[in-house]
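Comments concern the structure below.
Quick note: the coordinates plus some simple rules give every number you see, no bench work behind them. Values in this document were obtained by computation on a predicted structure and should not be read as measured data. With ideal geometry, Cβ positions are generated from the backbone for all residues, glycine too; neighbour counts draw on all protein chains shown.
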Amino acid sequence: MTAKTIYVDNNATTAVAPEVFEAMTPFLTNLYGNPSSIHYFGGQVAKYVEDARNQLASLLGADPREIIFTSCGTESDNAAIFSALHLCPKKNKIVISRVEHPAVLNVGKELERRGYRVVEVPVDSKGRLDMESLQSAVDDETAIVSVMWANNETGNIYPVSEIARIAHSHGAIFHTDAVQAVGKVPISMNLSEIDMLSLSGHKLHAPKGVGALYVRRGVRFRPFIAGGHQERSRRGGTENVAGIVALGKASELALENMNIETDYVSSLRDKLEKSILESIPKVRINGDPEHRLPNTTNISFEFIEGESILMLLDQFGICASSGSACTTGSLEPSHVLRAMGLPYTAAHGAIRFSFSRFNTMDEVDFILEKIPGIISTLRNISPYWKN
Ligand code: PLP
């Protein structure tokens, strides 16, 4: 074990910010009441849930009544899509992108099994959405279009406002999975046409197990989880008060720190990327550098396996991610890199580094000190590498 962890896997999950931990702790200790209780002890807690709703609404430029707290980003995505389909029983088509997170892609697979037509819009070699295909896929049969705000693997940002307009021109609902965008880029729902937006606490320095769904006022919504009257009868289940308070505080901090995200965090990412490109041969950046999250880079080290790179990085305490679905045991490149048509030798050697405001330039320097040696060690034993 190394003494220090260098955590550059912030698109997987983030550290709980100290202020967030402090804000949520009373609700795990003294203030454990149920916000729905009639007695003062429980009822007093409801105010904190509403404060959190206001904090999150400010981050999104939304009305607090447009926020429904959920358990995670996946639940929010499911809730949005199933609601739209239920409320438009005459329409049986859904349009998504090929690079969605499994929280949307696998809803698509399930809907196909149930007889819906699901169109996955392709992307180009930089992961940019094929807008012409999208235009022709969306028609009057389409109940909902769901395209992510930002991609978790490449950081690519998609033209969600434009896509919302296309959806609306055919009377379809537009939902965006903004799990990777919220807290990293400014969002103003009051200036947009987006109907529904999903987010998740653990991607913005709140804990795991809390998320939210934004539903624009006037857009009809059918609860995904039926039950009690919580969340104005839009999401049954006793509220995860500590998690909700944490998400509220994390939202407040994200708003305060938005400049840090765009300036400081991107400077860490840019330094890493630039130095790697300069010092290591046969390297490529995957994605669209012009429309990208400030914290993410996805780099292919050609002719070697991403998993081997991760293992050697791990020996130095450096935590990053690869683009392979290694959980399947197949080391298949991820669906995102495959959709981009990356050559085999590049797709297999893809590593994602994702930063947060808690990373430092010293950490970037440490990674830069270690990575050239790791790459040349692996290339020297790679049957595909010819120097
Ligand atoms: N959508 C995107 C783009 C994600 O990156 C993730 C998590 O990695 C999710 C949805 C799922 O969020 P959660 O882990 O809160 O269910």
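Here's how it looks for Asn156: its modeled amide H is under 5 Å from those of Asn151, Asp288, Leu293, which are all 5 or more places away or on a different chain. If you run the Gaussian network model on the chain, springs between alpha carbon atoms under 10 Å, then out of Glu369, Glu19, Glu50 the most flexible one is Glu369. Structure shown: which of Lys4/Lys203; Lys282/Lys370; Lys208/Lys370; Lys90/Lys208; Lys274/Lys370 lie over 27 Å apart, alpha-carbon to alpha-carbon? Check vs 27 Å cut-off fails for Lys208/Lys370; Lys90/Lys208.
Counting Lys +1, Arg +1, Asp -1, Glu -1, what net charge surrounds Lys90 among other residues with beta carbon under 15 Å of its beta carbon? Local charge sum for Lys90: +1.
Each label point was placed 7 Å from the Cα along the Cα-to-Cβ direction; for Glu50 and Ser161 their separation is 3.3 nm. Close amide H contacts of Tyr384 (hydrogens built in the peptide plane, cut-off under 5 Å, sequence separation of 5 or more or a different chain): none are found. The Cα center of the stretch 106-163 and the Cα center of the stretch 24-68 differ in position by 34 Å. Could you tally the net charge around Glu252, taking each other residue with its Cβ under 15 Å from the Cβ of Glu252, Lys/Arg +1 and Asp/Glu -1? My count for the surroundings of Glu252 gives -3.
Just checking the listed ones, Ile371, Ile194, Ile351: in the Gaussian network model of the chain with Cα springs under 10 Å, the one fluctuating most is Ile371. Each peptide in 73-81, 372-380 was scored by the mean count of other Cβ atoms within 10 Å over its residues; highest first, the order is 73-81, 372-380. Amide H contacts under 5 Å for Ala350: Phe301, Gly306, Gly323, restricted to partners 5 or more places along the chain or on a different chain, H placed in the peptide plane at 1.01 Å from N. Here the Karplus relation 6.51 cos²θ - 1.76 cosθ + 1.60, evaluated at θ = phi - 60°, turns the backbone of the stretch 187-193 into coupling constants of 10, 10, 5, 5, 9, 10, 9 Hz, with x for every Gly and Pro.
For the peptides 296-304, 245-253, 90-98, 26-34, the ranking by packing is 245-253, 296-304, 90-98, 26-34, with the highest mean count of neighbouring Cβ atoms within 10 Å listed first.
Build a GNM of the chain with springs between Cα atoms under 10 Å apart, and of Pro281, Pro159, Pro89 the one that fluctuates most is Pro89. Distance between the C-alpha centres of the stretch 336-378 and the stretch 218-267: 31 Å, rounded to the whole angstrom.
Hydrophobic long helices, here whole DSSP H runs in the chain with Kyte-Doolittle means of at least 1.0 and Cα atoms spread over 18 Å or more along the helix axis, are found at 241-256.
Local charge for Asn156 was computed over the other residues whose Cβ lies under 11 Å away, with Lys and Arg +1 and Asp and Glu -1, and equals -1.
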